[in-house]
Every structure is written in C-alpha cells, then in structure tokens.
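**Student:** Quick one: structure below, then a few questions.
The values are calculated or read from the model by the stated rules, or taken from the named source; none is laboratory data. No experiment lies behind these values; they were computed from the predicted model shown. Please note: Cβ atoms are built from the backbone with ideal geometry, for glycine as well, and neighbour counts cover all protein chains shown. With ligands, DNA and RNA removed, areas are computed over all heavy atoms of the protein, side chains included. Shrake-Rupley method; radii C 1.70, N 1.55, O 1.52, S 1.80 Å.
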Amino acid sequence: MTRLVLLRHGQTDWNVERRFQGQTDIGLNDVGRAQAAAAAPHVARERPDLIVSSPLGRALSTADHVAAQTGQEIVTDPRLVEINVGTWAGLTADEMQRRDPDFSRTSRSGGDFRRSATGETADEVGLRMRMALLDIACRFEGGTVLVVSHGLAIRMGVGYLMGWGYEQTCQLGIMGNCGWSVLDHHPDRGWRLEAYNRQAPAVPAT
C-alpha cells in the first residue's frame with residue numbers, strides 16, 4: 001500500500017485578512033507557526049519516508065516542523081504550489097467587487113473560473129496536482145509520503161486523484177490551516193480517501 005498524507009500550511013496574515021494569496025510568497029504568522037508546531041507530532045506519527053513540499057515559504061516552514069520530528073529530508077516540487085491568482089494577488093473579495101462588479105456573480109455561480117486573465121482555473125490546478133501526486137506515489141510505491149501544499153491545491157488534488165470532476169470535488173470542505181488528509185493506494189482497489197481535513201486538537205481555529 002502507498003500512502004499520501006497531504007498537509008496544508010499554517011496561517012498567514014493574508015489568510016486572516018482574506019486576501020487572494022495564490023503563489024505570492026507570504027510567510028507564516030505567529031498563529032501559523034503555533035499551528036505547525038501543534039500538527040507536526042500528529043503528522044509525524046504517519047512515519048513518512050519522505051517529505052515533499054511546495055517551494056513557497058509558508059509550506060516549507062510548515063514542513064520544517066514535521067522534519068524536526070521525523071529527521072526526514074525535505075524535497076520541493078513546484079507543481080505543489082497554490083493556484084495562480086495572477087493580478088488578484090493581495091486583493092480582498094471586497095476590493096475585487098469594487099473593481100469588477102461581475103466578480104461576485106462569477107464566484108457564486110458554482111462554476112469554475114480563471115483567477116484573473118493571467119491566473120489559473122481550479123480545474124487546471126486539479127490536473128497538475130493529480131499529475132504531481134501520481135508521480136510522487138509512483139516513485140515511492142509502497143511507502144508513505146508527506147506532501148505539504150496549500151488549501152485549494154490539496155482540495156483539488158484529492159478530488160482529481162480520486163477520479164472526481166470539478167463539481168464533485170467542490171463538495172469537499174475547505175482545508176483548514178494545518179489540516180491534513182490521507183489517501184491510500186491499494187493495488188487491487190485503487191485510491192481510497194481515508195481522512196480529510198484532520199486537525200490537531202491544539203491547533204487554533206481558522
């Protein structure tokens with residue numbers, strides 16, 4: 001059996017301010033560091049053979065807390081970054097509404113949409129995350145890999161790895177900061193979602 005443990009990074013100031021963060025390299029705040037420290041021993045109990053992280057600082061800092069518990073080396077994979085929000089980076093939903101009155105209608109429609117003219121769609125993120133996770137699982141078949149990534153990226157990656165489409169994947173809840181999900185691959189049964197958005201008891205609410 002191959003196991004993937006997908007851990008979201010801890011809280012940042014932009015998470016608190018509800019700003020579009022995307023691939024902007026925003027670091028953890030004090031709460032985020034506390035969340036990572038609280039989640040680390042729980043995730044370390046999965047005994048990962050390897051830690052693969054998004055190269056963005058908030059993910060790497062979260063991965064460092066687990067690596068301190070396990071002694072594992074951290075490898076980065078650029079395919080694990082968050083959705084690219086292009087020119088929306090740093091803006092709040094209220095600011096977007098003032099700039100583009102159609103924004104609220106588009107975001108409430110339930111359909112996928114491109115995050116600015118230079119950004120990605122959720123479907124595109126799901127496809128790249130699926131390829132990244134399949135590649136990681138293939139290279140470490142029979143092992144356990146901790147993958148440290150981002151909220152939307154993990155959500156879409158879980159759904160697309162399970163073979164779901166965009167609409168079905170959106171039925172999954174939003175991943176909390178330092179929440180983790182567990183996916184197992186059985187040679188005779190394929191992928192199974194064993195856990196979604198687990199939280200360490202001491203992790204502050206987000």
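**Student:** Ignoring ligands, DNA and RNA, how do C138, C170 rank by accessible area with a 1.4 Å probe, largest first?
**Tutor:** C138, C170
**Student:** M162: accessible area at probe 1.4 Å, nearest 10 Å²?
**Tutor:** Per-residue accessible area (M162): approximately 50 Å².
**Student:** Another question about this same structure. If you line up the long axis of helix 30-44 against the longest principal axis of the chain, both from Cα atoms, how many degrees apart are they, to the nearest 10?
**Tutor:** On a 0 to 90 degree scale, this one is about 30.
**Student:** Further, regarding this structure: Work out how much length Q171 to L134 would gain on full extension: take 0.36 nm times their residue separation and subtract the Cα-Cα distance, in nm to one decimal.
**Tutor:** Result: 11.1 nm gained on full extension.
**Student:** Between M162 and T118, with labels modelled 7 Å along Cα→Cβ, what's the label distance in nm to one decimal, could you check?
**Tutor:** For M162 paired with T118, the spin-label model returns 3.5 nm.
**Student:** A follow-up question, please. Quote to one decimal, in nm, the extra length available between S104 and E194 on full extension: 0.36 nm per residue of separation minus the C-alpha distance between them.
**Tutor:** 29.0 nm
**Student:** Can you compute the helix-only [θ] at 222 nm over the chain? Use -39500 (n - 2.57) per DSSP H run of at least 4 residues, normalise by all residues, nearest 500 deg cm²/dmol.
**Tutor:** Only helices count here, giving -11500 deg cm²/dmol.
**Student:** Please compute the contact order of the chain in relative form: average sequence separation of alpha-carbon pairs under 8 Å and at least six residues apart, divided by the residue count, as a percent.
**Tutor:** Computed over the chain, the figure is 31 percent.
**Student:** D for the chain, whole µm²/s, Stokes-Einstein with Kirkwood Rh over alpha-carbon pairs at 25 °C and 0.890 mPa s: what number?
**Tutor:** 144 µm²/s
**Student:** Can I ask one more? How would F140, F113 line up by accessible area, probe 1.4 Å, largest first?
**Tutor:** Order by accessible area, largest first: F140, F113.
**Student:** Hey, what angle do you get for helix 122-139 against the long axis of the chain, alpha-carbon based, 0 to 90 degrees rounded to 10?
**Tutor:** Roughly 10 degrees between the two axes.
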